[in-house]
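Taking it in order: structure first as structure tokens, then the write-up.
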Amino acid sequence: MKAAILDKVRAARAAKQAVAVVTDIADGTQALVDRERAEGELSLSDETLAEVRDALRHDRSMTIERDGRRIFIHAFTPPLRLVIVGAVHITQPLARIALYSGYEVVLVDPRGAFATAERFPGLTLMEDWPDEALEKLNIDSRTAVVTLTHDPKLDDPALLVALRSEAFYIGSLGSRRTHAKRVDRLKEEGLTDAQIGRIHAPVGLDLGGRAQAEIAIATMAQIVQALHAAPAAPERKVEKAA
């Protein structure tokens, strides 16, 4: 990997940003690709850029043959992370499923008596107020956020931060009637329809189950769906290295 590209990969990893290094195996020319742009000596067609971004979204490194060349895509992605707001009963099965799926799980609840290591082993616990916690966590494009308290005093502050972030998934527990009231409150806080439309509510895929574990399964399934089905960012032309 060339020094200039390596420096940018290191900077992206420090900032928890996903990037791919694309190398022409024949001549060693390279490009650095993220969700919005590509730069470097290696020129890539729009079709190839779309394939690189798809590999990046799915965290896959691979060799492809495109444009008459053999190209190696090396994906560098931050760890997947699930931030759960609310130490409620559904949180326990959801956290276990997420951990098993390879996610780092952070539980945010200022009510310390609820969010204990005994109830939630293996999780990072934060007793900060939800908006303060999410600001500290620097929510990125590899992070999913789920609010489960059913309490606007806790859920709404978290949503205000999450909806202005790059989180790839935002879900919130509650009925359609509850969500309609939530939408009104968020609009009063200045959020747009497009921002509020990012919320998956009622949370989870409609699998038909209503038990706590079933809701947890449906929620995790929807998170996985969002991770892999998210559309690629608008493509831009490759910027030649100076």
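The values are calculated or read from the model by the stated rules, or taken from the named source; none is laboratory data. All of these numbers come straight from a predicted model, not from anything done at the bench. Virtual Cβ from ideal backbone geometry, glycine too; neighbours counted across all protein chains shown. Areas reflect the complete protein model, heavy atoms only, side chains present, ligands, DNA and RNA absent. Shrake-Rupley method; radii C 1.70, N 1.55, O 1.52, S 1.80 Å.
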Treating segment 90-242 as a set of equal point scatterers at the Cα positions, no solvent, please give the Debye-formula log₁₀ I(q)/I(0) at q = 0.13, 0.17 Å⁻¹. -0.61, -1.02
Which ³J(HN,Hα) values in Hz, rounded to whole numbers, follow from the phi angles of segment 206-215 under the Karplus curve 6.51 cos²θ - 1.76 cosθ + 1.60, where θ = phi - 60° and Gly and Pro get x? 7, 9, x, x, 10, 5, 4, 5, 5, 5
Directionally averaged shadow of segment 24-142, computed from the convex hull of its alpha-carbon atoms, nm²: 9.1
Take the Cα pairs of segment 76-168, get the Kirkwood Rh, then feed it into Stokes-Einstein at 20 °C and 1.002 mPa s and tell me D in µm²/s. 165
With springs only between Cα atoms under 10 Å, which of Gly28, Gly208, Gly174 fluctuates most in a Gaussian network model of the chain? Gly208
Hey, in the GNM for the chain with a 10 angstrom Cα cutoff, which one of Pro130, Pro121, Pro93 fluctuates hardest? Pro121
Taking amide H atoms as placed 1.01 Å from N in the peptide plane, list the residues 5 or more away in sequence, or in a different chain, whose amide H sits under 5 Å from that of Gly174. Val203
Reduced Cα scattering model of segment 52-94, Debye log10 I(q)/I(0), q = 0.18, 0.23 Å⁻¹: -0.64, -0.79
Looking at the chain as a GNM with Cα springs under 10 Å, which of Arg70, Arg81, Arg60 has the largest mean-square fluctuation? Arg70
Which chymotrypsin sites (Phe, Trp or Tyr not before Pro) from segment 52-127 combine a DSSP loop assignment with at most 10 other Cβ atoms within 10 Å? none
For the chain: relative contact order, % (alpha-carbon pairs under 8 angstrom, 6 or more apart): 20
Karplus-derived 3J(HN,Hα), 6.51/-1.76/1.60, for each residue of segment 121-129, Hz, glycine and proline x: x, x, 9, 7, 9, 10, 9, 5, 4
Expressed in whole Å with the largest first, what are the equivalent ellipsoid semi-axes of segment 1-72 derived from the C-alpha gyration tensor as the square root of 5 times each eigenvalue? 18, 14, 10
What are the ³J(HN,Hα) values, in whole Hz, obtained from phi via the Karplus relation 6.51 cos²θ - 1.76 cosθ + 1.60 with θ = phi - 60°, for each residue of segment 99-116 in sequence order, with x given for Gly and Pro? 4, 5, 7, x, 8, 6, 10, 10, 9, 10, 6, x, 8, x, 5, 8, 8, 10
Nonlocal Lys pairs with alpha-carbon distance under 28 Å, the chain (8 or more apart, or different chains): 15
On a 1.4 Å probe surface of the protein chains, which of Glu166, Glu39, Glu118 comes out largest in accessible area, and what is the full order? Glu118, Glu166, Glu39
Compute the acute angle (0 to 90°) between the alpha-carbon long axis of helix 176-188 and the principal axis of greatest extent of the alpha-carbon atoms of the chain; round to the nearest 10°. 70
